[in-house]
Amino acid sequence: MSIDIKPSHSLPDDAKHLVWRIFGAGESLLTNRTSYELVKPITNKHASDTNKHRIGSEICSWFEKHHDGLHYLREQKIEVVTDLILEGIREERGDTAIWAISWTDPERVIRHTHSNWDPGEIESFVEAIISVLQDCCDQERVLDAARFLSFETLEKIENLKVPKDSVAVNGLLKTYLNVHRNLRFRLHRPFIHLVEIAIRLQPGKFESFVERVDHPVVRYWAAHFMMTESQNADHRKPLRWIKKGACDDVIALSIVHTLNTVYTIDTDLASMERLPLEKILWRTELRPPRDNLDTAAAKLITDLVAYLKLLDPKLFARWIGEILVYATSVFHPQNNSEAPNRIKQLEQVCIASFAQSGKRIILDGLLAEFRAGLNLSVGAKCTRHIAKLASEIRDVVPMDAAKISQEVLEINEQHIANSLTSGGLHSNWSRWEDRLWIEAISTALALSHERPDLLHWVAKKCQVMPLTVWDAEEDFEEFSAAHKAALHWFLVALGTVQIRKRLGHEVDPIEVCKLAEALWDHCHFVGMYVPVAPELSDEVEFAARIVAEYGAPSDTWLLRQVRDFKLGPRALRALVDQRILKREREGATHIHAEYDEEITTEVAHLAAEHFGEGVQFSFGTLSWWAQLWLVLSMSRQAEYAARAMLRFPRDFFDRRDMLLLLKLLALVYSEKGKLDPLLADHPTRLYSKLWPDSYTSEGEREDRKHIEESLMR
Amino acid sequence: MTVAEVAQAVGRTETFVRQHIHRKHLVARKEGRNVYIPQNEAVRWARKRGLKIELLKGAHATSFSDKNRVARMVVVTLEVAGAQPKNLFTLIRHRRMHTLGPWASKPDETWISEKLGHGICIFSIDAPQHYCQSLVDNILYGGSLKIEGNEILFSLESTPRGYWAYRDQRPIRGKPPVSPFKNYSAEIVEYWNLSHQLQEEWQGILSEIRDNSLQGIGRLGFSFDRHSERAGNLMIAAAADTIKCSLASNHNNTLNFHVDADEAQSLDYQATVWASHCNDQVFRKVIPVAPGSTTFDLKTDIDHIGFAVYREIDGQCTDLNEMYLIKEVPINMTLVGGPNLEIHNYRDNLKHQSNVSVIQSTINVNLDREATALDRTIRQHWLSGRAWNRECELSRDRSYARFQPDQFDKAVEFFLGLLYIHSEQKELIYFADPYFMHTDIRKDRKLMYLYKRMFEATQRHELRILCAPRRKVREGQIKSVESLDPVSSHAQERANRKRQRKMVESLNPISSHVQVRSFQLLTDNDRNRESTGVFHDRYLITPEQEIIITHSISGWAKNGVTFAKIPYNVYRDEAEWLWSLETGNQENRILVNKII
């Protein structure tokens, strides 16, 4: 392949105007021909007869043929062609001129126009760009359909349109999240160039640009270029886009970018824990120790809410609803078990600010707007924010709080009823969002009922669900879905005990015990018909801990539970563990402690009878038994449990199980001073597998220390 | 049963019965002032003491009749226009009240009904067992049951049949009726309807609905659609729920047999527990039934477990359960992410939907991995041996035979054996092969030999051969470019037919009884240009049997061939229908050309 190293061109002056025409028509997404294919037709049409062949050949020589059979502009010619286009379109504002510019490097265009054009020319140029973008958005041609389809399908269809509606999801904030995650790079590259040129040449036109160019992906890029211009200089810039009368998309983009900035600052904060300051690539202008990053991020959130509060109250209510839903997508935690602090802060600020509306929440229909923002039809679990609102206003407008709480219960009731016919409720107690949701429903129940009879409340709901043995045998799916719903109602009722106590209301301990008993009874029954083990679920443990805390279980009650053993090993472990925690916290007298000790010993002996040597249990059940023996320090049973666990194939053991097994062996060794020959090799093997070197993760440090102490004795 | 009822049943005084209760020979339950004795307990006690007991006041009583039992009665009716609804199947399931679960309320004795289509209606009621028994008495006495103003006709034999339905979770065909209770076997009393008409009506409905099962029939709790012979019957199923037994295999080489029962009740039973691996009985034990768990250590891996529980007093098996253990589970996962985007192509007026990201994955969960190397190897040997044994068994009665490419001669011999017909009369034989004589047999010695032998073997009968036109045999598969040109493709087709005819004629005189026809499906769009084959399968139909053949004759030497006898007569119907079509008519959807 011959390489043309000529730095410039030999086109006559009167032929320079041909270049932008060729590239404008060739790069337009509305035509089907390439620039190379248009060289000859355009030179024939616009060049003088005398030298049109020479000019045509000259321009053609700027292209080279690639192995796909198409002709591409040689790399060395890009600069020349860009300059010729910029020169040629100075007077031109037609579509072809704008398409020609869309092909060029935006950085070069911006530099060139800033230094060579006067403000009036720049103004009209940006207007022309906006006009082309408007047309293409109206025609739904800005997204590259090829990126949505396979090559095979693409071959069969051309001139595809991607409808604007397909980009929108629930709410504007979620739409922009969708654009950010899935669609931003599906905008045709020329459009991204045009948006960049327009915004960077006239950033003051941002709001008007967003108002006029009606496409979320284009608007997203406009805000993106606004931010890249200023993020390292002014992290609070997007806040100022929020003004009375601003269009919804501008406000949405402001919220999105403000919250993204908060996330960015948090990322910098996280880097500060890991890296020396000089090695951190800062993403905003904030620098410690001059600036306190945590305070700055918190202030951004409070200021965002404050700016939104300047809008019409109904709009404010809707935006607050949307933000609360959107926040979980931005501040996604590393693990799902604990709510990130930033989300807690954001929710607190939003709800507290909205709660200040007091009576007007119901009177002025603000609640309806808030609900619309939360979009409950998509995520009914967002009712937790409404319940939080009710809780926040309970002292100021108690009647309204009760009314809102009742509304929450009704929405929730409907949600659960729907889940019965759509495969069952998806709820997981170990997820913080689900825990907060249940807590919110419990709050609503506590606020809307003066003295709720919780057991009766749960029983009434369970009795109307398909939860009898007939249902289990006739329609297993329906039965299984009803079981999930029943667990939900139990959790709500048990949570209500906690909330009532927190609110300073009375709690009947007998009722608490009965409630827990009913749950264990329910799980024992369902366990006979479902393939999972409900007696090992999170719910039974929660019930046990609530009983230990608020149920004041009598010794007789406790021993009866262990004798019947419908509660299962997980609940029993939790019950014993929580009793110990409570005793430690409250500091029992010597006599009480001794008596408690006796009861615990009795419990342990009764439980040991159910356990036997433990070989009859599945691995999952066995691990809960093992944890029970650790809590009770029963070395003989711990040894049985270790032996029983070791009968299972190695594949069954994950890190947590290995640690559990090692703890059992450590307990046995510390009590007996030696290990049975069959077990003797395992501590060394497990220890070196868990901790091959001196590194220990934070969560395991205490365990390791304890194990080392036990095995060293 | 009350004390008085027991006394009457054994022909002794109430004092006698009370004394036995007092001495704890007979277990009784106190409810307020009343004392009740479970019927099965009364039977046990009477038999142990050698007393003759007559319980069956109503013939429908099972040994589990009890005042504390609740029943669900489900009546499925069939109503033909203008006629009174009749019982299609009635099932009464009864069990102890406390087994219903913590949320069950007192049975409300209210009928609920649902129309399932096809004239079928389902009525159900929850009521105490004695209430349902009185309904059965009425049915037996009056031949009908009134529900919400509808009178449902029953036509039942007066003498019932008693038997047991056990639990069986093995996926095998032709099982006897399985217990309608998940955790218990059932004692059944069944009244039969011996009318063929109702059975045929029900079978007619079943063939109409085929795969689409009747929504709501699940409420019956019994797979009635698999037991069409029971149409019109009334079945009473008593859950054998005195004790509850379960057997589980953990992955720690143990087998755990668990019993839930009162101490007194369980002493009267014993159980057999078994387990096998690759059909070898590696464990079988008889044990006394005691509440709680009994764990057995196993020395080998297992793939099949079961247990049976027997009542000591009369030896009756009251529970039996068998199941296969799953050794491998393939799980398909499809994660669908991102939004659905609709793309409009206005030029062709097409809409395309696309999901942005789709991740598909298949996981194979192998539960066999904990088996020892010896067990695993034995299992592999057993599986390969089982396949071979089954093939041998089937080959013995010529139902199945498989031949490798190098066994061409044996395949031919087997095939000729299939063509042999005992009848002296002239019979019809159909042979379908889309590629029949598509290759020039005159150049292939082996094929020539096969066709010769085939024609010779069928000479006394009429051999009808069905094939596809040579140009194209499978949908979408165009053999050559010229076939797209209507003129040349027709000419080529004619030439092919001529060649085929010549090939068959070259085997004269032994081919005089042979007729060959080709069948092609003409599409509506372009009748003259496009066509597809009508059939794909290869088969042989003689008056005695229907055999499916995996490969065309021309491929036997290259790919081998398998013959399998099938009992459905589907191909026979298809062949007869195709042969009955008019030949040479271009207007028909299927163009039939007579080759010879």
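The values are calculated or read from the model by the stated rules, or taken from the named source; none is laboratory data. What you see is a predicted model; the values in this text were computed from it and never measured. Note: ideal-geometry Cβ built from the backbone for every residue, glycine included; neighbour counts use all protein chains shown. Heads up: the accessible areas ignore ligands, DNA and RNA and are worked out on the full protein's heavy atoms, side chains in. Shrake-Rupley method; radii C 1.70, N 1.55, O 1.52, S 1.80 Å.
If you keep only loop residues by DSSP, which GluC sites (Glu not before Pro) in the stretch A:486-568 have at most 11 other Cβ atoms within 10 Å of their Cβ? List each step's numbers first, then the result.
Numbers: sites: A:506, A:511, A:517, A:535, A:539, A:541, A:549; in loops: A:506.
Sparse-neighbourhood loop GluC sites (Glu not before Pro): A:506.
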> How far is the Cα center of the stretch A:479-533 from the Cα center of the stretch A:233-308, in Å?
Replying inline: 43
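Before we go on, tell me the buried accessible area for the A/B pair, both chains summed, 1.4 Å probe, in Å² to the nearest 100. Can you show the working numbers first?
Details: alone 34730 and 32610 Å², together 63580 Å².
Approximately 3800 Å², summed over both chains.
So what's the stretch A:653-713 giving for Cα Rg divided by 2.2 N^0.38 Å, two decimals? Display every interim value, and only then the final one.
On the way: Rg = 11.0 Å, N = 61, 2.2 N^0.38 = 10.5 Å.
It is 1.05.
Between residue B:381 and residue A:72, how high is the FRET efficiency from 1/(1 + (r/R0)^6) when r is the Cβ-Cβ distance and R₀ = 45 Å? Nearest 0.05. Write out the running numbers ahead of the final one.
Values: r = 64 Å, r/R0 = 1.42.
My answer for the efficiency is 0.10.
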> Which parts of the stretch A:178-205, residue by residue, lose 10 Å² or more of accessible area when the rest of the protein chains are there, as against the chain isolated (1.4 Å probe)?
Replying inline: A:178, A:182, A:183, A:186
> If you take the C-alpha gyration tensor of the protein assembly as shown, multiply each eigenvalue by 5 and take the square root, what semi-axes do you get, largest first, in whole Å?
Replying inline: 65, 57, 32
>> Could you compute the net charge surrounding residue A:658? Neighbours are other residues with a C-beta less than 13 Å from the C-beta of residue A:658; K and R count +1, D and E count -1.
In response: +2
>> Taking θ = phi - 60°, what integer Hz values does the Karplus form 6.51 cos²θ - 1.76 cosθ + 1.60 yield along the stretch B:387-394, in sequence order, with x for Gly and Pro?
In response: 4, 5, 4, 5, 4, 4, 4, 6
>> Under the 0.36 nm per residue contour assumption, what length would be gained going from the current alpha-carbon distance of residue A:501 and residue A:168 to full extension?
In response: 115.5 nm
> Residues of the protein assembly as shown: accessible area per residue at 1.4 Å, in Å²?
Replying inline: 49
>> Which trypsin sites (Lys or Arg not before Pro) in the stretch A:175-259 sit in a loop by DSSP (not H, G, I, E or B) and have at most 11 other Cβ atoms within 10 Å of their own Cβ?
In response: A:244
> Where the centre of each part is set by its Cα atoms, how far does the stretch B:162-182 sit from the stretch A:79-103, in angstrom?
Replying inline: 82
>> If amide hydrogens are placed 1.01 Å from N in the peptide plane, which non-local residues have theirs closer than 5 Å to the one on residue B:164?
In response: B:188
> Would you list A:422, B:185 from the most to the least accessible area, probe 1.4 Å?
Replying inline: A:422, B:185
>> On C-alpha positions alone, give me the angle between the axis of helix A:106-116 and the longest principal axis of chain A, in degrees, nearest 10.
In response: 50
>> Which positions within the stretch B:79-106 get 30 Å² or more of their accessible surface covered by the other protein chains, compared to the chain by itself, with a 1.4 angstrom probe?
In response: B:93, B:95, B:100, B:102, B:103
> For chain A, what is the largest minus smallest coordinate of the Cα atoms on each principal axis, given in angstrom and ordered from greatest to least?
Replying inline: 113, 69, 62
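Considering only protein heavy atoms and a 1.4 Å probe, what is the carbon-and-sulfur percentage of the accessible area of the stretch A:46-90? It would help to have the intermediate numbers written out before the result.
Numbers: 1210 of 2470 Å².
With neighbouring chains kept in place, the figure for the stretch A:46-90 is 49 percent.
Could you order A:563, A:384, A:431 by accessible surface area, starting with the largest, using a probe radius of 1.4 Å?
Values: A:563 130, A:384 20, A:431 80 Å².
Putting A:563, A:384, A:431 in descending order of accessible area: A:563, A:431, A:384.
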> Summing -39500 (n - 2.57) over the DSSP H runs of n ≥ 4 in the protein assembly as shown and dividing by its residue number, what mean residue ellipticity at 222 nm do you reach, to the nearest 500 deg cm²/dmol?
Replying inline: -14500 deg cm²/dmol
> Which of the lysines could be linked to residue B:24 by a straight reach, that is with a Cα gap under 18 Å, when you skip same-chain ones fewer than 8 residues away?
Replying inline: B:48
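Quick one: grab the alpha carbon gyration tensor of the stretch A:496-565, order the square roots of its eigenvalues as a ≥ b ≥ c, and give me rounded if a/c is under 1.5, else prolate or oblate depending on whether a/b is larger than b/c. Each step should come with its number before you reach the end.
Working: a/c = 2.78, a/b = 1.58, b/c = 1.76.
Oblate, because a/c is 1.5 or more while a/b does not exceed b/c.
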>> Counting other C-beta atoms within 10 Å, and keeping those with at most 13, which DSSP coil GluC sites (Glu not before Pro) do you find in the stretch B:374-450?
In response: B:424
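Residue separation times 0.36 nm, minus the C-alpha to C-alpha distance between residue B:223 and residue B:586: what's the value?
On the way: separation 363, 0.36 × 363 = 130.68 nm, distance 4.91 nm.
Here the answer is 125.8 nm.
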>> Quick check of the Kirkwood formula: for the stretch A:398-545, what is the inverse mean of 1/r over all pairs of different Cα atoms, in Å?
In response: 15.6
> Pairing the Cα long axis of helix A:476-502 with the longest principal axis of chain A, what angle in degrees results, from 0 to 90 and rounded to the nearest 10?
Replying inline: 80
> the stretch B:217-255: which residues show an accessible-area loss of 30 Å² or more, assembly versus chain alone, 1.4 Å probe?
Replying inline: B:250, B:251, B:252
> Which stretch or stretches of the stretch A:201-239 have amide N atoms under 17 Å from the point lying 7 Å from residue A:332's Cα along the Cα→Cβ direction?
Replying inline: none
>> Using a 7 Å offset from the Cα along the Cα-to-Cβ direction at both residue B:151 and residue A:134, what is the distance between the two label points in nm, to one decimal?
In response: 8.2
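Over 19 Å between Cα atoms: which of A:244/A:309; A:359/A:388; A:174/A:237; A:243/A:344; B:86/B:182; A:674/B:299 fall into that group?
Working: A:244/A:309 10 Å; A:359/A:388 16 Å; A:174/A:237 21 Å; A:243/A:344 26 Å; B:86/B:182 29 Å; A:674/B:299 29 Å.
From the list (A:244/A:309; A:359/A:388; A:174/A:237; A:243/A:344; B:86/B:182; A:674/B:299), the Cα-Cα distance tops 19 Å for A:174/A:237; A:243/A:344; B:86/B:182; A:674/B:299.
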> residue B:568 versus residue A:696, label points 7 Å from Cα toward the beta carbon: distance in nm?
Replying inline: 6.7
> Each label point is 7 Å from the Cα along the Cα-to-Cβ direction; what then is the distance between the points at residue B:13 and residue A:260, in nm?
Replying inline: 9.8
> Does anything in the stretch B:120-152 have its amide N under 13 Å from the 7 Å Cα→Cβ label point of residue B:158, and if so which residues?
Replying inline: B:140-143
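Could you compute the FRET efficiency for residue B:48 and residue B:260, with r as their C-beta to C-beta distance and R0 at 30 Å, rounded to 0.05?
Values: r = 24 Å, r/R0 = 0.79.
Between residue B:48 and residue B:260 the formula returns 0.80.
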> Any idea what angle helix A:635-646 forms with the longest principal axis of chain A, computed on alpha-carbon atoms, 0 to 90 degrees, nearest 10?
Replying inline: 40
